[in-house]
2 protein chains.
Amino acid sequence: MSDVPHTWFDTCVHALSDPAHQRVWSVIVSLFGDLAQAPGAQLSGSALSRIIMPMGIKPEAIRVALHRLRKDGWLESARSGRTSVHYLTEFGRDQSARVSPRIYDRTPRAPQDWHLLIADDASGMATLEDLLLSTDYLSLGRTLAMGSGDLPPNCDDLLAFQVSARTVPDWARTRVCPPDLSDAYRALLLALDTCAAQDPAGHAPSPGQVATLRTLIVHRWRRVVLRHPDLPPEFYPDGWVGPDCRDRVFDLLDALPHPDLVLLEDC
Amino acid sequence: MSDVPHTWFDTCVHALSDPAHQRVWSVIVSLFGDLAQAPGAQLSGSALSRIIMPMGIKPEAIRVALHRLRKDGWLESARSGRTSVHYLTEFGRDQSARVSPRIYDRTPRAPQDWHLLIADDASGMATLEDLLLSTDYLSLGRTLAMGSGDLPPNCDDLLAFQVSARTVPDWARTRVCPPDLSDAYRALLLALDTCAAQDPAGHAPSPGQVATLRTLIVHRWRRVVLRHPDLPPEFYPDGWVGPDCRDRVFDLLDALPHPDLVLLEDC
């Protein structure tokens, strides 16, 4: 990819790429999650390269990332004639399936049943830290976390309240949605608008081009939407563009429907 | 009062007195609040002495306390012939009237609408401290207070949740009702039982004796019941005797009805 994009496709790829945060293994996770999450779905090494290389990622970087993903148990690879094929392991598929509902939810509704957990002593603080590390709890202070649904087990040392928000000051919005997350949403909105302005669907994109663009869109979207739970509206800071971003993401994904995996292998 | 009480009255007074915490000015506040809170109600110095001296309080201590209460704006005194008369100021009556509903509530119901206020920064901490000093808020931690009813004004720097308790661990019960308060309730229950066992109403007590006993009962009761708001039941520690205490207080006060102020002046 040259620095100055010349075609509609280059313009879209350039807008949607996020070189500062583009870890190749993570892009591949987004790619398999979007295109080849089903059991039995697989992609050849050459199809993968055709999808990923337009992002400015070199073959060597792809090889390194595939190696890492195999080592971490996400992917398996096999030889098929002269080429290799890659597919998600059961672990990789589970990980992917666990987050897909939130990534692909077009009309999320924030849970209605929130609770607040309050720690007082060292034992309570440890319980709280475990919850914050392992689940969807939001920290609202050194000794406070908010979550939805049932109370977690083994939290008898925490004071628990069923809660609904009455007043949410700026500091609490900032804690829940920090400025860099707000910035990331705004940057993504701009990228999606740039891409949409090129009308990619109107250019009869190849299956590989569709896969490249979908992967970039899903990758960027995944990296913001999974950073926060769906919150009651009063928790989002002023100027929050989350819903606009979501609308643009699904407009573009709808205009660029999943290509058939078989077509990705032909070229 | 001798160390070993000999009569039913001495036994009751001895049981109900709390020498460690018996500030004379505070006893007089309880006395006026119970017997002479109405506008126009007044008591002579000699009636006051007849009510208070059986508690083992010396005339000089009464004079000092009356002086302090005048200086603090609670009481006024006037000459009436050869004796002085004392009565609550408007300020004193307001102060008394403000707490009477809670002191004399036989069947308090804990508010249903609790909220939690959460501070984050120095400005929020200052707001929270002001609330804890001036109102019925309960501290649940360095940055947390719980209260009922409407949100207070000027607390925009606090995160506010409508709450209902789900799990209340021991540390939270202890914070709301500390062990010395639980102990004070238990000691009062014992004192009330000792007094009730003497059947004071069955001894045809004089108006002055009734006034002495009522003052002691109300004074002790006031000093525990006003130390905590009426809380949802799950906040009280195991073995909490508050409701038993309240029952005994009103059984005794019912058996010892308010004496006519005129009768307190005759003797």
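The table that follows gives values for the structure above.
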| quantity | calculated |
| --- | --- |
| Of residues in the stretch A:155-171 being more than 24 Å from B:Thr167 (Cα to Cα) and facing chain B (nearest Cβ under 8 Å), the one most open to solvent (accessible area, probe 1.4 Å) | A:Trp171 |
| Matching residues, the stretch B:172-196, being of a type in the set (Ser, Thr, Tyr) and either open to solvent by 20 Å² or more (accessible area, probe 1.4 Å) or at the interface with chain A (Cβ under 7 Å from one of its Cβ atoms) (or both) | B:Thr174, B:Thr194 |
| Only listed residue being surrounded by 19 or more Cβ atoms within 10 Å (Cβ to Cβ), more than 14 Å from chain B (Cβ to nearest Cβ) and out of contact with any Leu (no Cβ under 9 Å at 6 or more places or on another chain), chosen from A:Val225, A:Val210, A:Val218 | A:Val225 |
| Pair list, Cβ < 7 Å and 6+ apart or interchain, from the stretch B:16-40 residues that are of a type in the set (Phe, Trp, Tyr) to residues that are part of a helix (DSSP H, G or I) and surrounded by fewer than 20 Cβ atoms within 10 Å (Cβ to Cβ) | B:Trp25/B:Arg68; B:Phe32/B:Ser96 |
| Those residues of the stretch A:118-138 which are closer than 23 Å to B:His115 by Cβ and either at pLDDT below 90 or of a type in the set (D, E, K, R) (or both), in sequence order | A:Asp120, A:Tyr137, A:Leu138 |
| Selection within the stretch A:118-154 - more than 11 Å from chain B (Cβ to nearest Cβ), aliphatic (A, V, I, L, M) and in contact with a helix residue (DSSP H, G or I) (Cβ under 8 Å, 6 or more places away or on another chain) | A:Leu138, A:Ala145 |
| Residues located in the stretch A:142-167, provided they are in contact (Cβ under 8 Å) with a residue 12 or more places away in the chain and among the acidic types (Asp, Glu) | A:Asp157 |
| Helices (runs of 4 or more DSSP H) enclosed by the stretch A:149-233 - at least 3 residues per element that are at negative phi and at pLDDT 95 or above | A:179-197, A:207-225 |
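Results for (1) free of Cβ contacts under 8 Å to residues at least 60 places away in the same chain; (2) within 16 Å of A:Ser182 (Cα to Cα), shown as yes or no for each residue.
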site: A:Gly202; (1), (2): yes, no
site: A:Leu226; (1), (2): no, yes
site: A:Pro233; (1), (2): no, yes
site: A:Trp240; (1), (2): no, yes
site: A:Asp247; (1), (2): yes, no
site: A:Phe250; (1), (2): no, no
site: A:Asp254; (1), (2): yes, no
site: A:Asp260; (1), (2): yes, no
site: A:Leu263; (1), (2): yes, no
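The values are calculated or read from the model by the stated rules, or taken from the named source; none is laboratory data. Treat the numbers as computed from the prediction; the structure is a model and nothing was measured. Because the Cβ atoms are built from the backbone with ideal geometry, glycine has one as well, and the counts that use them run over all protein chains shown. The area values use the complete protein model at the heavy-atom level, side chains included, leaving out ligands, DNA and RNA. Shrake-Rupley method; radii C 1.70, N 1.55, O 1.52, S 1.80 Å.
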